[in-house]
1. Would you confirm whether or not the stretch A:220-227 contains a residue that is free of Cβ contacts under 8 Å to residues at least 12 places away in the same chain, within 14 Å of chain B (Cβ to nearest Cβ) and either over 18 Å from the mean Cα position of the chain (by Cα) or crowded, with 21+ Cβ neighbours inside 10 Å (or both)?
2. Which residues, counting only those in the stretch A:33-58, are modelled with pLDDT under 80 and out of contact with any strand residue (DSSP E or B) (no Cβ under 9 Å at 6 or more places or on another chain)?
3. Mind counting the residues in the stretch B:135-149 that are more than 10 Å from chain A (Cβ to nearest Cβ) and surrounded by fewer than 17 Cβ atoms within 10 Å (Cβ to Cβ)?
4. Which of the residues spanning the stretch A:228-243 are touching a residue at least 12 places away in the same chain (Cβ under 8 Å) and facing another protein chain (nearest Cβ under 9 Å)?
5. Among (1) crowded, with 20+ Cβ neighbours inside 10 Å; (2) within 14 Å of chain A (Cβ to nearest Cβ); (3) in contact (Cβ under 8 Å) with a residue 40 or more places away in the chain, there is one condition residue B:38 misses while meeting the rest; what is its number?
6. Please find, within the stretch A:375-393, the residue that is farthest from the other protein chains (Cβ to nearest Cβ) out of those that are in a loop (DSSP other than H, G, I, E, B) and surrounded by fewer than 21 Cβ atoms within 10 Å (Cβ to Cβ).
7. Could you list, in sequence order, the residues of the stretch A:63-77 that are surrounded by fewer than 20 Cβ atoms within 10 Å (Cβ to Cβ) and more than 11 Å from chain B (Cβ to nearest Cβ)?
8. Since residue B:138 meets every condition but one in (1) closer than 22 Å to residue B:57 by Cβ; (2) in the same structural domain as residue B:7 (by TED's automatic domain parsing), which condition does it not meet?
C-alpha cells in the first residue's frame with residue numbers, strides 16, 4: 001500500500017527569526033571593477049543580495065588639477081581641462097574659456113560661437129555614445145558597445161580631421177577657436193550627421209522595447225524631482241526626473257538662444273527615463289549641429305577668433321612681420337594677466353552643469369580655479385538611488401548616472 | 001527685477017555687503033556664523049532649490065585668510081547667488097548646510113580636504129579626494145605644488161620597508 005507524503009515546500013526558506021537573516025556582509029566593488037566606469041570604489045553593505053548601505057570612495061584619480069591651474073597660469077591650463085572629462089574634451093575647453101571670457105569681458109565673433117556650438121554638440125553626441133555603449137555592455141547588450149563605438153569612431157575621425165587629434169583636442173582658445181573649419185571637413189561632418197539619426201533609431205530598436213533592457217532599467221534607481229534638486233544633480237539626470245532645466249535654454253551661452261531644439265524631459269526619474277533623455281538628446285544635438293553647419297556656410301570667411309591683443313595671440317604671419325605683434329605674442333605667452341575679480345562660467349555638458357569658478361587677483365596666475373564637476377554630484381547620488389535595491393541593480397544605476405572619474409576626482 | 005532686489009526681503013539685514021560680479025551674479029558678503037541662517041532663508045523664501053558648489057579661496061598671507069564660497073541656483077527664477085564669508089586661518093570653521101542641501105555634503109568634504117575648513121555639524125566630515133591619513137591641506141597657498149615629501153604616508157611606507165629587510169636601510 002502506498003501513502004502519499006506531503007512535502008514541506010517552505011522548508012528551505014529563511015525565516016525572519018533565522019540567525020542567518022540580517023547578517024550583513026561588507027563588499028568592496030572596485031576600484032578596479034569594469035562596471036564602475038573608472039577607478040571608483042563602492043563600499044557596499046549587503047544583507048543577502050540587498051544593498052543596505054553604499055559608500056562611494058573617490059579620489060583614486062585625483063591629480064590636483066585646481067592646484068595645477070594656480071601654478072601654470074590661465075593660458076596653459078587649457079590642455080588640462082581636456083583631461084577632466086576625457087570623453088568630451090571640447091566641452092570642457094568651452095566651459096573654461098567661457099569663465100575666462102566673462103572675467104576678461106571679451107566678446108567672441110559670430111563664427112567662433114558657431115564653431116564652438118558645433119564642437120560642443122559633436123562632443124555631446126560622442127559622450128552619450130559612450131554612455132549608451134558602456135551601459136549596454138554592463139547590462140548584457142554587448143552589441144550596443146560595438147554599434148556605439150563604431151559611430152564614435154567616425155566622429156573621432158572627423159575631430160581628427162579638424163583638430164588633428166582624436167582625443168584631448170584643446171582647440172578652444174580665449175576669444176574663439178584655434179582654427180577655422182574648412183569646407184572639406186564641413187562636408188564630412190554633414191555626411192556623418194545625415195546618416196546618424198538612422199543609427200539612433202537603430203539603437204532605439206535594439207534597446208527601447210527590449211525585454212531585458214526594459215526590466216533592468218524600469219523602476220530602478222528612481223529619483224524624484226525634489227531629490228534630484230536637493231542632491232545638486234544637473235543635466236540628463238535632472239531632466240530624467242522631470243525638471244525642465246537646460247543651461248542652453250536657461251542661461252544661453254555661445255548663442256544657443258538662436259538655435260531651434262527641444263529639451264527632452266522624463267516623467268518617472270528611473271534609469272529608463274535617463275536613458276530616453278540621452279537618446280533624444282543625441283537627436284536634438286544632431287539638429288543643432290545641422291543648423292550650425294548652415295551658419296558656417298553663411299559666415300564663411302568671417303573672424304573665428306576675437307582680435308584683442310591682450311588675450312589672443314596674433315596670427316603667425318603678422319607676428320613675423322611686425323615688432324609690435326611679436327611683443328604681443330611674447331606678453332601673452334609669458335604673462336597673460338586677467339583683470340582682478342571673479343566669474344563663473346558654466347556649460348551644459350553631457351553629464352550636467354560643468355562650471356569653472358575663477359578668481360583673479362589681476363596677475364597671470366589664478367588665485368583660485370574651482371571646477372564644479374557634475375560627475376561628483378552624480379557619484380554622490382548613488383547611495384540614495386541604490387539603497388534597498390539588489391546588488392545587480394547597482395550596475396544599472398551607475399551606468400545611468402553617467403560619470404567619468406577624470407572629472408569626479410580632478 | 002534683478003536678483004539682489006528679489007532676495008533683499010529674504011535676507012533682511014544679514015548681508016553686510018552686496019554686489020554684482022563681472023558675470024552678473026549677485027554676491028552677498030556675510031559673517032561666517034550667519035551662513036546657515038542666510039542660506040536657509042534663501043532656500044525657503046527666495047526659491048533657491050539647488051546648491052551648485054561649496055568651495056573656498058585662500059588669501060594667504062592676508063587675514064582672515066579663507067573665503068568660503070557657496071553658490072546657489074534658482075531654477076524657477078533662472079538666477080544664481082554667491083555667498084561669501086571670510087574666516088580666520090587659526091581655526092577656520094563655518095556651519096554646515098548639509099541639512100538644507102544634502103548635495104552640498106561632498107563639496108564641504110572636499111573643502112575640508114583641500115583647505116582644512118571645518119564645517120560644523122556635517123554628518124561625516126572626512127577627506128574626500130586625498131587619503132584619509134594625509135597630513136596636509138593641498139590647496140592652501142603655503143602648500144607647494146610639487147607636494148611635501150616625505151609626508152607621513154611615505155614615512156610609514158618607508159618604515160615598513162625597512163622592517164621587512166634590514167639591509168635595505170643601509
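1. For the stretch A:220-227, residues free of Cβ contacts under 8 Å to residues at least 12 places away in the same chain, within 14 Å of chain B (Cβ to nearest Cβ) and either over 18 Å from the mean Cα position of the chain (by Cα) or crowded, with 21+ Cβ neighbours inside 10 Å (or both): present.
2. Matches in the stretch A:33-58: A:34, A:37, A:38.
3. Looking only at that region, the number is 5.
4. Of everything in the stretch A:228-243, those that are touching a residue at least 12 places away in the same chain (Cβ under 8 Å) and facing another protein chain (nearest Cβ under 9 Å) turn out to be A:228, A:229, A:231, A:232, A:233, A:234, A:238, A:243.
5. With (1) crowded, with 20+ Cβ neighbours inside 10 Å; (2) within 14 Å of chain A (Cβ to nearest Cβ); (3) in contact (Cβ under 8 Å) with a residue 40 or more places away in the chain applied to residue B:38, the lone miss is (2).
6. A:389
7. Within the stretch A:63-77, A:73, A:75, A:76 meet the criteria.
8. For residue B:138, the exception is condition (2).
The values are calculated or read from the model by the stated rules, or taken from the named source; none is laboratory data. Remember, it's a predicted structure, so these values are computed and weren't measured experimentally. FYI the Cβ positions are ideal-geometry reconstructions off the backbone, even for glycines, and counts take in every protein chain you see.
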